[in-house]
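S.K.: This is the structure, below, for whatever I ask next.
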Amino acid sequence: MADFNKPTQQELREKLTELQYAVTQEEVTEPAFNNIYWDNKQQGIYVDIVSGEPLFSSLDKYDSHCGWPSFSKPLEKQLITEKVDKQLFATRTEVRSSFADSHLGHVFEDGPQEAGGLRYCINSASLRFFAIE
(Lines give C-alpha, C1' and ligand atoms only; values in the text may rest on other atoms or scores of the structure.)
Protein backbone atom coordinates (compact mmCIF):
# COMPACT_ATOMS: atom_id res chain seq x y z
CA MET A 1 0.00 0.00 0.00
CA ALA A 2 3.00 2.30 0.34
CA ASP A 3 2.73 3.18 -3.35
CA PHE A 4 -1.01 3.96 -3.19
CA ASN A 5 -1.98 7.32 -4.64
CA LYS A 6 -5.45 8.47 -3.72
CA PRO A 7 -7.58 9.21 -6.80
CA THR A 8 -8.69 12.78 -7.41
CA GLN A 9 -12.13 13.85 -6.25
CA GLN A 10 -13.33 13.69 -9.87
CA GLU A 11 -11.97 10.15 -10.27
CA LEU A 12 -13.66 9.13 -7.02
CA ARG A 13 -16.99 10.59 -8.18
CA GLU A 14 -16.69 8.46 -11.34
CA LYS A 15 -15.58 5.30 -9.50
CA LEU A 16 -17.91 5.33 -6.50
CA THR A 17 -21.67 5.39 -6.18
CA GLU A 18 -23.21 8.59 -4.85
CA LEU A 19 -23.62 7.01 -1.40
CA GLN A 20 -20.08 5.58 -1.33
CA TYR A 21 -18.69 9.00 -2.20
CA ALA A 22 -20.86 10.77 0.38
CA VAL A 23 -19.85 8.36 3.15
CA THR A 24 -16.11 8.13 2.42
CA GLN A 25 -15.45 11.71 1.34
CA GLU A 26 -18.15 13.79 3.06
CA GLU A 27 -18.56 11.80 6.30
CA VAL A 28 -22.24 11.01 5.69
CA THR A 29 -23.79 8.11 7.62
CA GLU A 30 -25.79 5.57 5.63
CA PRO A 31 -29.18 4.37 6.92
CA ALA A 32 -29.19 1.76 9.68
CA PHE A 33 -30.54 -1.69 8.78
CA ASN A 34 -30.66 -0.58 5.13
CA ASN A 35 -27.13 -1.25 3.95
CA ILE A 36 -25.40 -4.14 2.27
CA TYR A 37 -23.25 -5.65 5.06
CA TRP A 38 -25.06 -5.04 8.37
CA ASP A 39 -26.30 -8.65 8.43
CA ASN A 40 -23.69 -10.31 6.20
CA LYS A 41 -22.74 -13.66 7.74
CA GLN A 42 -20.27 -14.87 5.09
CA GLN A 43 -16.64 -15.39 6.03
CA GLY A 44 -14.06 -13.12 4.44
CA ILE A 45 -12.42 -9.74 4.69
CA TYR A 46 -13.68 -6.19 4.33
CA VAL A 47 -11.49 -3.69 2.48
CA ASP A 48 -11.60 0.06 1.93
CA ILE A 49 -13.81 0.78 -1.09
CA VAL A 50 -11.35 3.49 -2.26
CA SER A 51 -7.93 1.89 -1.79
CA GLY A 52 -8.57 -1.81 -1.33
CA GLU A 53 -6.59 -1.82 1.91
CA PRO A 54 -7.74 -4.72 4.14
CA LEU A 55 -9.50 -3.41 7.23
CA PHE A 56 -11.71 -5.96 9.01
CA SER A 57 -12.25 -9.72 9.20
CA SER A 58 -15.58 -11.49 9.42
CA LEU A 59 -14.04 -13.35 12.38
CA ASP A 60 -14.23 -10.09 14.36
CA LYS A 61 -17.72 -9.10 13.13
CA TYR A 62 -20.66 -9.43 15.48
CA ASP A 63 -24.29 -8.38 15.68
CA SER A 64 -24.43 -5.29 17.88
CA HIS A 65 -28.08 -4.66 16.92
CA CYS A 66 -27.18 -1.15 15.73
CA GLY A 67 -27.92 -1.69 12.01
CA TRP A 68 -24.37 -1.26 10.71
CA PRO A 69 -21.52 -3.76 10.45
CA SER A 70 -19.79 -3.95 13.83
CA PHE A 71 -16.33 -5.32 14.49
CA SER A 72 -14.43 -5.83 17.73
CA LYS A 73 -11.11 -4.82 16.13
CA PRO A 74 -9.45 -3.99 12.81
CA LEU A 75 -7.21 -6.51 11.07
CA GLU A 76 -4.20 -4.32 11.92
CA LYS A 77 -4.41 -1.30 14.22
CA GLN A 78 -2.13 0.76 11.95
CA LEU A 79 -4.62 0.46 9.06
CA ILE A 80 -7.08 2.66 10.97
CA THR A 81 -6.65 6.24 12.12
CA GLU A 82 -8.79 7.84 14.80
CA LYS A 83 -9.95 11.44 15.01
CA VAL A 84 -12.05 13.36 17.50
CA ASP A 85 -15.49 14.05 16.05
CA LYS A 86 -17.55 16.77 17.78
CA GLN A 87 -20.43 16.80 15.31
CA LEU A 88 -23.98 15.92 16.35
CA PHE A 89 -23.67 17.56 19.80
CA ALA A 90 -21.44 14.78 21.17
CA THR A 91 -17.78 13.86 21.20
CA ARG A 92 -17.12 10.61 19.37
CA THR A 93 -14.10 8.89 17.87
CA GLU A 94 -14.20 8.78 14.08
CA VAL A 95 -12.29 6.02 12.30
CA ARG A 96 -10.70 6.45 8.88
CA SER A 97 -8.59 4.25 6.67
CA SER A 98 -4.89 5.03 6.91
CA PHE A 99 -3.94 5.10 3.22
CA ALA A 100 -7.03 6.50 1.47
CA ASP A 101 -8.20 8.56 4.46
CA SER A 102 -11.75 7.31 3.83
CA HIS A 103 -14.35 7.99 6.49
CA LEU A 104 -15.40 4.54 7.76
CA GLY A 105 -17.53 5.20 10.83
CA HIS A 106 -16.88 5.44 14.58
CA VAL A 107 -15.48 3.36 17.40
CA PHE A 108 -17.30 3.07 20.72
CA GLU A 109 -16.40 1.48 24.06
CA ASP A 110 -19.55 -0.66 24.29
CA GLY A 111 -18.33 -3.74 22.44
CA PRO A 112 -17.93 -7.29 23.74
CA GLN A 113 -15.75 -7.20 26.85
CA GLU A 114 -14.23 -10.60 26.07
CA ALA A 115 -12.96 -9.16 22.76
CA GLY A 116 -11.51 -5.94 24.21
CA GLY A 117 -14.65 -3.86 24.71
CA LEU A 118 -14.61 -1.92 21.42
CA ARG A 119 -17.28 -1.64 18.75
CA TYR A 120 -16.12 -0.42 15.37
CA CYS A 121 -19.42 0.74 13.86
CA ILE A 122 -18.68 0.94 10.13
CA ASN A 123 -20.66 2.16 7.13
CA SER A 124 -21.15 -0.61 4.56
CA ALA A 125 -20.73 1.99 1.82
CA SER A 126 -17.09 2.47 2.82
CA LEU A 127 -16.34 -1.24 2.38
CA ARG A 128 -16.03 -3.94 -0.24
CA PHE A 129 -16.34 -7.56 0.94
CA PHE A 130 -14.29 -10.47 -0.35
CA ALA A 131 -15.64 -13.88 0.65
CA ILE A 132 -13.19 -16.65 1.52
CA GLU A 133 -14.62 -18.83 -1.23
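The values are calculated or read from the model by the stated rules, or taken from the named source; none is laboratory data. Since this is a predicted model, take the numbers as computed values, not measurements. Here Cβ is always computed from backbone atoms with ideal geometry, including for glycine, and neighbour counts include all displayed protein chains. Accessible surface areas use protein heavy atoms only, side chains included; no ligands, DNA or RNA. Shrake-Rupley method; radii C 1.70, N 1.55, O 1.52, S 1.80 Å.
S.K.: Of the residues in the stretch 82-133, how many are in contact with a His (Cβ under 9 Å, 6 or more places away or on another chain) and part of a loop (DSSP other than H, G, I, E, B)?
M.R.: Selection size over the stretch 82-133: 1.
S.K.: If I go through the stretch 39-51 residue by residue, how many of them are within 13 Å of LEU127 (Cα to Cα) and exposed (fewer than 15 other Cβ atoms within 10 Å of the Cβ)?
M.R.: Keep residues of the stretch 39-51 that are within 13 Å of LEU127 (Cα to Cα), which gives 40, 44-51.
Those still in the list that are exposed (fewer than 15 other Cβ atoms within 10 Å of the Cβ) too: none.
Residues in the stretch 39-51 being within 13 Å of LEU127 (Cα to Cα) and exposed (fewer than 15 other Cβ atoms within 10 Å of the Cβ): 0 in total.
S.K.: Also: Just to check your reading of the model, which residue among GLN25, GLN10 is in contact (Cβ under 8 Å) with a residue 60 or more places away in the chain and out of contact with any Gly (no Cβ under 7 Å at 6 or more places or on another chain)? Spell out the reasoning first.
M.R.: On the way: GLN10 fails: in contact (Cβ under 8 Å) with a residue 60 or more places away in the chain.
Just one listed residue meets the conditions, GLN25.
S.K.: Would you check if there is a residue in the stretch 7-16 being surrounded by 15 or more Cβ atoms within 10 Å (Cβ to Cβ) and at pLDDT 95 or above?
M.R.: yes
S.K.: Taking the condition in a strand (DSSP E or B), open to solvent by 20 Å² or more (accessible area, probe 1.4 Å) and of a type in the set (A, V, I, L, M), does ILE36 pass? Can you show your working first?
M.R.: Details: in a strand (DSSP E or B): no; open to solvent by 20 Å² or more (accessible area, probe 1.4 Å): yes; of a type in the set (A, V, I, L, M): yes.
Judged against the criteria, ILE36 is not a match.
S.K.: Here's something else I'd like to know. If you scan the stretch 6-33, which residues turn out to be part of a loop (DSSP other than H, G, I, E, B), within 13 Å of ASN123 (Cβ to Cβ) and in contact with a helix residue (DSSP H, G or I) (Cβ under 8 Å, 6 or more places away or on another chain)?
M.R.: The answer is LEU16, THR17, VAL28, THR29, GLU30.
S.K.: Okay, moving on. Within the stretch 80-103, track down each residue that is buried (at least 19 other Cβ atoms within 10 Å of the Cβ) and either polar (S, T, N, Q) or touching a Pro at 6+ places or on another chain (Cβ under 9 Å) (or both).
M.R.: ILE80, VAL95, SER97, SER98, ALA100, SER102
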